[in-house]
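The values are calculated or read from the model by the stated rules, or taken from the named source; none is laboratory data. Being a predicted model, the structure only gives us computed values, none of them experimental. Here the Cβ positions follow ideal geometry from the backbone for every residue, glycine too, while neighbour counts run over all protein chains shown.
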Amino acid sequence: MVRRTRIAALLTLAMINVFTLAAGIAVARMLPPRLAALKVPTVAAGALAGTAPALGPEGTGGTGVGAQDGPLPTASGLRAALAGPLSAPALGPRVSALVADPVTGRVLLSEHGSRSMTPASTTKLVTGLAALAVLGQNARFTTKVVSGATPDSIILVGGGDPTLAVNSFPAQDYPQPATLASLAKATARTLKANGRGSVALGYDTSLYTGPVLAPGWPGSYVSAGDVTPIVSLEVDQGRLTTAGRPEDSDDPYNLAARATDPAGMAARAFAALLSADGIHVTAEPQPQTAATKTTKIALASVTSPPLSALVAQMLEESNNVIAENLARQVALATGQPASFSGAAGAVIAGLMRLGVTAGLHLVDGSGLSPQDAIAPVTLVRVLEVAADHPAYRALLAGLPVAGFSGTLSAGESVFSGIKGAALGSVRAKTGNLGTVTSLAGLAYDKSGRVLVFALMADQVPSAGVLDKAAEAIDAAATALAGCGCR
């Protein structure tokens, strides 16, 4: 009973966030046009259709999840509701689905629910849970400057902060990242206090090992703006302005080609900032490794936002760079190599310790690789574990809200056409590759029950019908929200 009450209370909080977002949209229309994690969706102008109340009436047992004590949908009812959307030709011949009750863990419907499927970006649910479990929601990642091998040298050391920026972001952006500008000011202050006005600058990316692109990643992922080469020192996630400079803004909709040498770009930006702060950098920054056998003097450091905020941002934006860095941080924390393979193994091991033991094969942390494989039952179990542990709640809080935020909001992904009863009642992580479409999350149904679901299709006939395939998945999620199926 304690477990059920805790889950119900947590899910109540998640649904309250949905309606808080609605109020936030009204406020957002009065703010400057550049908003970090929320583009005001056009759907907000209309009334919500078919949404359930966030809280149930008094006397419903104190858990407050609407009519959470109402009847669960039946397997036959769910099958009938989902049959049409999931049989759409655009989804192709391999479609899997699983729906469960998160309070009891009971599987309500499984259509090939144990079959391993290409997950695309729903992989980020797996990475996010492993990071929260292994590192803790308050973990932060440090970028520092240490003394070099000679008295006139310093080294910028990458700590795997995926949101490190060059300069401060607009004040309304959340979370606010650590910046090289702050690090340069602190470094210059320390150097001047020690009577030093010029330095040679090196930069260290040795925290990570192995290839910078994962198995199955084409080089076009970088030129198409999907990701930057994964190294432990980068700024603005490799995003560039049209002039080829670091973006200095969190714009998940910037799909311009990203930096091919993100560490070098970061080091050059840091050198320019040091110069502006009165420290002369004597030459072009050079890659080097800070000595580990002797004590190096730390001159200055900056830290990332807490992990809980990074996980939420990763899910909201479907941010590939954050996902890959978090997977490597899991590897580092568990003594594994901070490579793609080491990170994948560490994430899987972390989930196994939580009881998520089957239907999981990874080669990266973001789901960009078509070589990843996850079963719907695994995604559902990940969501159930997050619902059952308050320390993992960032995984639920970061899920896009249908019609309101992230990749489920109007115009922001192939899933942005979601409508009807799903609006405000479905929170879910989207996933799509050229011939893959998937959606996994929570749906608040017509009877007031919160359902956990995963819907996946990984043999979409062609990239040309991906929009239609996503529409079919959207329709299935809408059917769940409008169901209450008996």
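Kindly provide the set of residues from region 320-361 that are among the polar types (S, T, N, Q) and crowded, with 24+ Cβ neighbours inside 10 Å, ordered by number.
N320, N325, Q329 - these are the residues of region 320-361 that are among the polar types (S, T, N, Q) and crowded, with 24+ Cβ neighbours inside 10 Å.
Name the residue that is farthest from the chain's Cα centre (by Cα), counting only residues in region 379-423 that are at positive phi and buried (at least 24 other Cβ atoms within 10 Å of the Cβ).
Per the criteria, the residue is G403.
Just need a number here: residues in region 259-311 that are touching a residue at least 40 places away in the same chain (Cβ under 8 Å) and under 23 Å from the mean Cα position of the chain (by Cα). Don't jump to the end; show me each part of the working.
Pass one, region 259-311, residues touching a residue at least 40 places away in the same chain (Cβ under 8 Å): 263-264, 266-267, 269-271, 273-274, 276-283, 285-291, 296-311.
Filter again for under 23 Å from the mean Cα position of the chain (by Cα), leaving 263, 266, 302-311.
Qualifying residue count for the region: 12.
Output the number of the condition that S114 fails; it satisfies all remaining conditions of (1) in the same structural domain as Q329 (by TED's automatic domain parsing); (2) crowded, with 19+ Cβ neighbours inside 10 Å; (3) among the small types (G, A, S).
All conditions pass for S114, except number (2).
Output the residues belonging to region 144-174 that are in contact with a Gly (Cβ under 8 Å, 6 or more places away or on another chain) and either part of a strand (DSSP E or B) or of a type in the set (S, T, N, Q) (or both).
K144, S153, I154, I155, L156
If you go through region 447-455 one residue at a time, do you hit one that is small (G, A, S), assigned to a loop (DSSP other than H, G, I, E, B) and farther than 20 Å from R79 by Cα?
no
Determine which member of the set G464, G359 is out of contact with any Ser or Thr (no Cβ under 9 Å at 6 or more places or on another chain) and within 30 Å of P218 (Cβ to Cβ). Spell out how you get there, then give the answer.
Details: G359 fails: out of contact with any Ser or Thr (no Cβ under 9 Å at 6 or more places or on another chain).
Residue meeting the stated conditions: G464.
Residue by residue through region 294-318, note down the ones that are of a type in the set (K, R) and crowded, with 20+ Cβ neighbours inside 10 Å.
If the condition is that a residue be of a type in the set (K, R) and crowded, with 20+ Cβ neighbours inside 10 Å, then no residue fits.
Of everything in region 175-210 that's over 22 Å from the mean Cα position of the chain (by Cα) and part of a loop (DSSP other than H, G, I, E, B), which residue is farthest from D372 (Cα to Cα)?
The qualifying residue farthest from D372 (Cα to Cα) is G195.
If we scan region 96-114, do we find a residue that is in a loop (DSSP other than H, G, I, E, B) and free of Cβ contacts under 8 Å to residues at least 12 places away in the same chain?
Scanning region 96-114, I find no residue that is in a loop (DSSP other than H, G, I, E, B) and free of Cβ contacts under 8 Å to residues at least 12 places away in the same chain, so the answer is no.
Kindly establish whether T478 is of a type in the set (S, T, Y) and in a strand (DSSP E or B).
Here the answer is no, as T478 does not meet what is asked.
Starting from residues that are aliphatic (A, V, I, L, M) and in contact (Cβ under 8 Å) with a residue 24 or more places away in the chain, keep the ones in region 203-220 and report whichever is surrounded by the fewest Cβ atoms within 10 Å (Cβ to Cβ).
Checked region 203-220; the qualifying residue surrounded by the fewest Cβ atoms within 10 Å (Cβ to Cβ) is L207.
Here are T122, T150, T118: which of them is in contact with a helix residue (DSSP H, G or I) (Cβ under 8 Å, 6 or more places away or on another chain) and in contact (Cβ under 8 Å) with a residue 40 or more places away in the chain? Please lay out each step first, then the result.
Working: T150 fails: in contact with a helix residue (DSSP H, G or I) (Cβ under 8 Å, 6 or more places away or on another chain); T118 fails: in contact with a helix residue (DSSP H, G or I) (Cβ under 8 Å, 6 or more places away or on another chain).
Going through T122, T150, T118 in turn, just one is in contact with a helix residue (DSSP H, G or I) (Cβ under 8 Å, 6 or more places away or on another chain) and in contact (Cβ under 8 Å) with a residue 40 or more places away in the chain: T122.
Just checking, does region 79-95 include any residue being farther than 27 Å from V414 by Cα and surrounded by fewer than 24 Cβ atoms within 10 Å (Cβ to Cβ)? Lay out the reasoning, then the answer.
Going residue by residue through region 79-95, those that are farther than 27 Å from V414 by Cα are none.
Taking every residue of region 79-95 in turn, none turns out to be farther than 27 Å from V414 by Cα and surrounded by fewer than 24 Cβ atoms within 10 Å (Cβ to Cβ).
When you go through P370, P376, P461 one by one, which is the residue that is crowded, with 24+ Cβ neighbours inside 10 Å and at pLDDT 95 or above?
Working: P370 fails: crowded, with 24+ Cβ neighbours inside 10 Å; P461 fails: crowded, with 24+ Cβ neighbours inside 10 Å.
Result of the check over P370, P376, P461: P376.
When you go through A120, A200 one by one, which is the residue that is of a type in the set (A, V, I, L, M, F, W, C) and surrounded by fewer than 23 Cβ atoms within 10 Å (Cβ to Cβ)?
A200
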